Amino acid sequence: MSSTAATEHDPLDDILLRVGRLNYTWTNTESLFIHVMAGLAGMDKETAVVVFLTLNTTAARLDLVDRLSKLSRVPEEERRAVTRLTQRFRKESRLRNKYNHCIYSFDPEGGTPQTIMMRIADRKDEIIMGKQEPAGEDQLAQIDKTIGRLRQLNLDIWAVIRERGYPL
């Protein structure tokens, strides 16, 4: 590899590295709901892992945690603490879903990559597919902010797990 190739800036690498960090942070934070689920349902962590992995989507997992928190035996303060966490996590899903349900188009000359959405939007008289958007510095900054919020949420979930004595 030439010395110039080692120092070249690749905008596609910027977005892919950030999406990788976003996914890592997301998955790591989502897995903490195993402990919350175990505590609310009164099960050991191993059983909670089986339930968590059996539910195929984040939405199903969060729905279960929310529903468990709404059981009459769960104190109101605990319910509020848990639902605040699940609401915050759900809020971050839009951006994560955007970057996980698209493909990337890049300029071989090093220009701004494009995201191409891999979903169909049904409208009254038409369908829209393949919506393209630039993945420039503004979008990278949005991903960075989301990662930061997820990191803080991770710490906040740990605080509730410890405070409530949920199984570790």
When you scan segment 28-68, how many residues do you find that are surrounded by fewer than 12 Cβ atoms within 10 Å (Cβ to Cβ) and among the hydroxyl-bearing types (S, T, Y)?
2
In segment 74-119, what count of residues is obtained for those that are under 20 Å from M37 (Cα atoms) and β-branched (V, I, T)?
4
Just the residues that are among the charged types (D, E, K, R), touching a residue at least 12 places away in the same chain (Cβ under 8 Å), more than 14 Å from T86 (Cα to Cα) and part of a helix (DSSP H, G or I), please, taken from segment 35-74.
K45
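If I filter segment 69-81 down to residues being of a type in the set (D, E) and exposed (fewer than 11 other Cβ atoms within 10 Å of the Cβ), which single residue comes out as nearest to R149 (Cα to Cα)?
Step one: filter segment 69-81 for residues of a type in the set (D, E), giving 76-78.
Filter again for exposed (fewer than 11 other Cβ atoms within 10 Å of the Cβ), leaving 76-77.
Values: E76: 25, E77: 23 Å.
Across segment 69-81, the extreme among qualifying residues is E77.
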Tally time: how many residues in segment 84-103 are free of Cβ contacts under 8 Å to residues at least 60 places away in the same chain and closer than 13 Å to A59 by Cα?
7
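Looking only at segment 66-88, count every residue that is small (G, A, S) and within 20 Å of R162 (Cβ to Cβ) and tell me the total. Break it down stepwise before answering.
Just the residues of segment 66-88 that are small (G, A, S), to begin with: 69, 72, 81.
Pick out the ones that are also within 20 Å of R162 (Cβ to Cβ) and you get 69, 81.
Of the residues in segment 66-88, 2 are small (G, A, S) and within 20 Å of R162 (Cβ to Cβ).
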Select, from R96, R84, the only residue that is in contact with a Phe, Trp or Tyr (Cβ under 7 Å, 6 or more places away or on another chain), closer than 24 Å to S31 by Cβ and surrounded by 11 or more Cβ atoms within 10 Å (Cβ to Cβ).
R96
Going by the structure shown, is G20 buried (at least 17 other Cβ atoms within 10 Å of the Cβ), assigned to a helix (DSSP H, G or I) and of a type in the set (G, A, S)?
no
Report, by residue number, each residue of segment 111-168 that is in a strand (DSSP E or B), under 20 Å from the mean Cα position of the chain (by Cα) and of a type in the set (A, V, I, L, M, F, W, C).
I116, M117
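None of the figures in this text is laboratory data; all of them are computed from the coordinates on show. Please read these numbers as outputs of a predicted model, since none were measured by experiment. Glycine also receives a Cβ, built like all others from the backbone with ideal geometry; neighbour counts cover every protein chain displayed.
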